[in-house]
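Some notes on the structure that comes next.
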Amino acid sequence: MTMTASFGARGRGRLLGLLDRIAQPAAAGAAFTVLALGVVTWLPALAALAHTLQRWRTDGDSRGFTGVFTAFPRYWQALWRHGLLASAAVGVLAANSLFLSGRSSPYAFVLLAAQAGLAAALGVHCTALAAHAGLDPSGAAADWHRRGLALAFGSPARGTALLGAAVSALVLTLPVPLGPLLFGPSVPVLLALHLAAPRSERTT
């Protein structure tokens, strides 16, 4: 009976741990989605999401949803200019893609592919920047930007992994209601946090 109870307790503990690994990224992703409705707020919101997920990873802080809102003002103050520039870049890429998609020439196809590549590079960089902002909330935006560039493009393997995580999170969660909105931002950020964290932290 004692052994059975022990196995039952272990099973419940593993189940609760698994549910927490799903619930916390989903809650943080939901908060990000709400904040991103401000259009130019999405980059500071992504940094706030990274900060919240980092606290969950290292300290067990389970305030996934409210933590993003709590951290957002600090990151808005530091990153609102970057958010404006990134939003403008996304708008230009979207407009170019819409224009080129209506053209049938080979040149239009090449230019459309270039827009997709630029969009992917921007997404990977912003994810890496957010991760470093989450790891070092008291740092300067210029340092986050520089470290984000190194993380995203210093190694082809890291950049490819971050892009693959973003695409996989969107595709694999399509059957889940609101899945891409909940996990699309949080899954690649979690990977970026893992890659950007100090080696000593990765082994714990």
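Points worth noting:
- Helical runs assigned H by DSSP (4 residues or longer) give the chain a calculated mean residue ellipticity at 222 nm of -28500 deg cm²/dmol, each run adding -39500 (n - 2.57) before division by the residue total.
- Its Cα gyration tensor gives the stretch 129-204 an equivalent ellipsoid. The semi-axes, each the square root of 5 times an eigenvalue, are 24, 13, 12 Å from largest down.
- Average accessible area per residue (Å²) across the chain - probe 1.4 Å, nucleic acids and ligands excluded: 56
- Relative contact order (percent, whole number), the stretch 41-195, Cα cutoff 8 Å, 6+ residue spacing: 26
- Placing R0 at 25 angstrom, the Cβ-Cβ distance between VAL34 and ALA119 gives a FRET efficiency of 0.60 after rounding to 0.05.
- Maximal additional length on extending the LEU84-PHE69 stretch stands at 3.5 nm, based on 0.36 nm per residue less the C-alpha distance.
- Estimated Rh, the stretch 17-132: Kirkwood, alpha-carbon pairs, angstrom: 15.4
- Counting Lys and Arg as +1 and Asp and Glu as -1 over every other residue whose Cβ lies under 12 Å from the Cβ of GLY139, the net charge comes to +1.
- Ligands, DNA and RNA left out, the 1.4 Å accessible surface of the stretch 108-188 is 78% carbon and sulfur atoms.
- Answer label for volume of the Cα convex hull per residue in Å³ (calculated), chosen among (1) 115; (2) 152; (3) 127: (2)
- Shown is the FRET efficiency for LEU172 and SER62, computed with R0 = 25 Å from the Cβ-Cβ distance and rounded to the nearest 0.05: 0.55.
- Computed over the stretch 44-101: relative contact order in percent, which uses C-alpha pairs under 8 Å that are six or more apart: 38
The values are calculated or read from the model by the stated rules, or taken from the named source; none is laboratory data. Here the structure is a predicted model, which means the values were calculated and not measured. No Cβ is skipped: glycine too gets one built from the backbone with ideal geometry, and neighbour counts run over all protein chains shown. Surface areas here come from the heavy atoms of the whole protein model, side chains and all, with no ligands, DNA or RNA. Shrake-Rupley method; radii C 1.70, N 1.55, O 1.52, S 1.80 Å.
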